[in-house]
Amino acid sequence: MKIVGMIPARMGSTRVKNKNLRLINNKPLIQYIIDSASKSKLLNDLYVNSESTIFKEISDKSGINFYHRSEELASDSATNDDFALDFMKRVNCDILIQLLPTSPFLSTKEIDDFIKIMINKKYDTLISVSEVRIESVFKDQPINFKQKKQTPPSQFLEPIKAYACGIMGWKADNFKQNIQMYGAAYHGGDGNIGFFDLKGFSTVDIDNEEDFILAEAIATSLGKEGKSPEYYDSEKYQEIADANVARILKDDGVKSNNQKKFNLEKVDIQEIIKRNGREESWSHTVINSPSNSATLIAQLPGEGNRLHYHHDWDEWWYIVEGKWEWLIEGESKIIRKGEVVFIERNRKHKITATGDKMAIRLAVSRYDVDHVYLKDNYQIK
């Protein structure tokens, strides 16, 4: 039995331009399903099916096959039945597994589980669905609840299953027979039809701009699996967030703050230091762009900032002169000239100049980042 995976991907899209090539977390949308399907132990072959040769380039780089369909089969009027039948006529397969690039979080395990169920249950057509336990209506009429009775807890509601579409499976012979008899085969026609439940992120279907925003957030969060959940903490919520850099530096005790001349093509840090001197604390912002900022901060021994953290931004520093004590989550570290310090978001830290002379650091962050302080630490003691 030959089982072939097919990833349909056309260039045109009525809602989102070139969505299959749109980057999510620095990777093309289509690459997600290619990566998952390529690891399948049950697919004998894997193809991208498209009218555009740019997908051949991606297929070649990924080590999979490319099927070049006609422009006609990539038009808005072409149906799934049309291009699937065309593919089956030209690529030998007993079972065709269709995998949509718009379902980027479908896992390799789900693909193989889907194929196993299709084979073991002898399904002619297997359709992926998403189960929803919520009161549902169709044509203004209730489906799974009684309008004149109290609604039960959601776990006791009869679930509604909606097409997820991320993965579909057809036996090629049955598909072709249904096309001959009914002119349609996508939904199974005559044959043994089954339904495969998808859950969680695998049900995400990218169809518009809002879906891309959601997918970007999911792709980012998937790299942080295993992180302990956070809960309300009465101490934590006695916090103050401040993004006013001028006020923050002033309250940190910095005497002179130059935030007027930045984003020059080239700056001489030593000239800035010479101009500001080493007698009292000062700061000088050299970069202030939408993506990042860089500020020179010079302080005398014993001076520094207040204990705080950033909830949505990572931060790093380069030590230009002198020596600093970094208190990071209660652990003290001495950082010297020429060293770089990186602190991830949500890590509490406090910086103090130490030694016997002025210390200077280049703080690299973003200008509008919230500095989050415990209420007791917000004002200088």
Look at K148 and say whether it is assigned by TED's automatic domain parsing to the domain that holds Q180, exposed (fewer than 15 other Cβ atoms within 10 Å of the Cβ) and in contact (Cβ under 8 Å) with a residue 12 or more places away in the chain. no
For the range 262-280, does any single residue satisfy the condition of being assigned by TED's automatic domain parsing to the domain that holds T352 and modelled with pLDDT under 90? no
Go through (1) surrounded by 12 or more Cβ atoms within 10 Å (Cβ to Cβ); (2) in a loop (DSSP other than H, G, I, E, B) one by one and return the number of the condition K122 breaks. (1)
Take the conditions at pLDDT 95 or above and either touching a His at 6+ places or on another chain (Cβ under 9 Å) or outside the structural domain of E279 (by TED's automatic domain parsing) (or both) and apply them to I297. Does it pass? yes
Within the range 316-373, which strands (runs of 3 or more DSSP E) (wholly inside it) include 3 or more residues that are assigned by TED's automatic domain parsing to the domain that holds V286 and either surrounded by 17 or more Cβ atoms within 10 Å (Cβ to Cβ) or touching a residue at least 24 places away in the same chain (Cβ under 8 Å) (or both)? 323-328, 340-343, 349-354, 359-365
Residue match in the range 53-71 (condition: surrounded by fewer than 19 Cβ atoms within 10 Å (Cβ to Cβ), touching a Pro at 6+ places or on another chain (Cβ under 9 Å) and on the phi < 0 side of the Ramachandran plot): no
Go through the range 152-206 residue by residue and tally those that are under 34 Å from the mean Cα position of the chain (by Cα), of a type in the set (K, R) and at pLDDT 95 or above. 0
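In the set I218, I213, which member is loosely packed, with under 14 Cβ neighbours inside 10 Å, modelled with pLDDT of 85 or more and either within 25 Å of V372 (Cβ to Cβ) or in contact with a helix residue (DSSP H, G or I) (Cβ under 9 Å, 6 or more places away or on another chain) (or both)?
Numbers: I218 fails: loosely packed, with under 14 Cβ neighbours inside 10 Å.
Step by step, each of I218, I213 is checked, and only I213 is loosely packed, with under 14 Cβ neighbours inside 10 Å, modelled with pLDDT of 85 or more and either within 25 Å of V372 (Cβ to Cβ) or in contact with a helix residue (DSSP H, G or I) (Cβ under 9 Å, 6 or more places away or on another chain) (or both).
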Check on T203, of a type in the set (S, T, N, Q) and in contact with a Ser or Thr (Cβ under 7 Å, 6 or more places away or on another chain): yes
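Confirm whether I111 is farther than 17 Å from A185 by Cβ and touching a Gly at 6+ places or on another chain (Cβ under 9 Å).
On the way: farther than 17 Å from A185 by Cβ: yes; touching a Gly at 6+ places or on another chain (Cβ under 9 Å): yes.
Criteria met by I111.
The values are calculated or read from the model by the stated rules, or taken from the named source; none is laboratory data. Just so it is clear, the model here is predicted, and its values are computed rather than measured. Every residue, glycine as well, gets a Cβ built from its backbone with ideal geometry; the counts of neighbours run over all protein chains shown.
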